[in-house]
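Remarks on the structure that follows.
The values are calculated or read from the model by the stated rules, or taken from the named source; none is laboratory data. Bear in mind that the values here come from a model prediction, so they are computed numbers and not experimental data. In this analysis, Cβ positions are derived from the backbone assuming ideal geometry, glycine residues included, and neighbour counts consider all displayed protein chains. Calculation scope for accessible area: heavy atoms of the full protein, side chains included, ligands and nucleic acids excluded. Shrake-Rupley method; radii C 1.70, N 1.55, O 1.52, S 1.80 Å.
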Amino acid sequence: MRRIDLHCYPGTQPWIESQGPFVEALARYWKRPWVAKEEAEVVGDFEQAGVDAVLVAFDIESVTGSPPCSNDYVAGMRDRHPGRIVQAWAAVDPLKGEAAIAEAETAIRDLGMLGCHFHPIMGHFSVDDPALAPLFEAISALGAPVMIDVGTTGMGAGLPGGLGSRIWDAHPRAIDEVAASFPDLTVVAAHPGWPWVEEMTAVALHKGNVFWELSGWAPKYFPEGLKRDVRGRLQDKVMFGSDYPSMPYERVLREWEELGYADAILEKVFHANAERVLGLAERAEPSEGDSPREAAW
């Protein structure tokens, strides 16, 4: 069965550096060293797990001053490994104003990236802020989707004031507002959304342009209602993501299998919904003269 991982990070030194002061908190949260891997090792992890990876760039420069794990870098990593990394989400820092709009346009038009990812808690913003409307309008006009983190995070967890981060910025109500304001925009909520899982369920069911990937959470700890809805009313909405390198693939994939879903449900979660909603078709073998990106679609 094909497995599209919609939410995995590069795991390399530029990604570690982009997190600035949050690195220490993440090491505490995941109870292990939060250190970089070599690119070849990261791709090897994808190969061993058998996933088609969709990388995520990272930019919270306005908050931390740390250099982004840039769209150019992540798109380059994608293009160096077309047999295993099938696409990438661009990162835009909404606090950069007009520069954020320009970055989104460059990422989609010039770099051929899938869409734009937003991390409200670490970025110190809420996507329903009216000041961000021009950015979402521009992304919608490009015909690109967005992926928006929902629910709490390990970033800043346990530190005084959470390093200034507010988990309320990632409430599902903000996704509801964006989806309502931009009905032509495809919105993918990222992570189960605890402690607002029921609220996120309501948004996903109510808004036809909202979908949901369940990365960053051990599947065996999904709330019972969510487990039930994945096989029922959310089966055409939910997609697979890991949040690599947060948890080992062996655990994530094993626990998904242990949930006991029929193959027809797992086919939707692992690849069919992402193929249908985001256009992530199976890779094609390159023909002579094709570039790696031309051969991928």
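Coordinate range of the alpha-carbon atoms in the stretch 1-144 per principal axis, descending: 43, 33, 24 Å.
Using the Cβ of G65 as centre and a radius below 15 Å, the other residues enclosed give a net charge of -3, where K and R count +1 and D and E count -1. For GluC sites (Glu not before Pro), the sites in the stretch 1-65 that DSSP calls loop and that have at most 15 other Cβ atoms within 10 Å are E38. Taking the 1.4 Å solvent-accessible surface of the stretch 1-42 as the whole, the part contributed by carbon and sulfur is 55%. Computed from backbone phi, the HN-Hα couplings of the stretch 42-59 come to 4, 4, x, 4, 5, 4, 4, 7, x, 9, 8, 7, 10, 6, 10, 6, 8, 8 Hz, rounded to whole numbers (Karplus: 6.51 cos²θ - 1.76 cosθ + 1.60, θ = phi - 60°; Gly and Pro given as x).
Once Rh for the stretch 62-141 is found with the Kirkwood sum over Cα pairs, what is the Stokes-Einstein diffusion coefficient at 20 °C and 1.002 mPa s, in µm²/s? Diffusion coefficient, whole number: 162 µm²/s.
In debye to the nearest 20, how big a dipole does the stretch 152-200 give about its Cα centre with +1 on each Lys and Arg Cβ and -1 on each Asp and Glu Cβ?
Charge dipole of the stretch 152-200: 220 debye, to the nearest 20.
Close amide-amide hydrogen proximity is noted between K37 and T12, Q13, each under 5 Å apart and 5 or more residues distant or on a separate chain (H modeled in the peptide plane; Pro and chain starts excluded).
Compute the Cα gyration tensor for the stretch 193-232, then decide on rounded, prolate or oblate, letting a ≥ b ≥ c be the square roots of its eigenvalues: rounded whenever a/c is under 1.5, prolate when a/b is larger than b/c in the other cases, and oblate in all that remain. Prolate shape, in that a/c is at least 1.5 and a/b is the bigger ratio.
Per residue and in cubic angstrom, what volume does the convex hull of the Cα atoms of the stretch 31-70 have?
That works out to 115 Å³ per residue.
With 0.36 nm allotted per residue and the present C-alpha distance subtracted, the A99-R32 stretch has 20.5 nm of extension available.
Here's how it looks for F118: its modeled amide H is under 5 Å from those of M147, I148, D149, which are all 5 or more places away or on a different chain.
Taking only C-alpha pairs under 8 Å that are 6+ residues apart, what is the relative contact order of the chain in percent? Before the final figure, lay out the partial values.
Working: 558 pairs, mean separation 51.6, N = 297.
Averaging sequence separation for qualifying contacts and normalising by length gives 17 percent for the chain.
Give the dimensionless ratio obtained when the Cα radius of gyration of the chain is divided by 2.2 N^0.38 Å. For the chain, the normalised Cα radius of gyration is 0.93. Here the stretch 62-101 is assigned +1 on the Cβ of each Lys and Arg and -1 on the Cβ of each Asp and Glu. Its dipole about the Cα centre then comes out at about 200 debye.
Remark: the chain carries 41 Å² of accessible area per residue (probe radius 1.4 Å; ligands, DNA and RNA excluded). Simple rule: put +1 on each Lys or Arg Cβ and -1 on each Asp or Glu Cβ in the chain, find the dipole, and look at V252, T106, P130; the Cα lying farthest toward the positive end is V252.
Let's test the formula: R0 of 35 Å, r as the Cβ-Cβ distance of D79 and A133. What FRET efficiency results, to the nearest 0.05?
On the way: r = 32 Å, r/R0 = 0.92.
Approximately 0.60, to the nearest 0.05.
Taking 7 Å steps out from each Cα toward its Cβ at R276 and R254 produces label points 3.2 nm apart.
Roughly what would the spin-label model give for H206 and E47, points 7 Å off Cα along C-beta, in nm? About 4.7 nm, to one decimal. If you take all other residues with their beta carbon under 13 Å from the beta carbon of A144, and give Lys and Arg +1 and Asp and Glu -1, the sum is -4.
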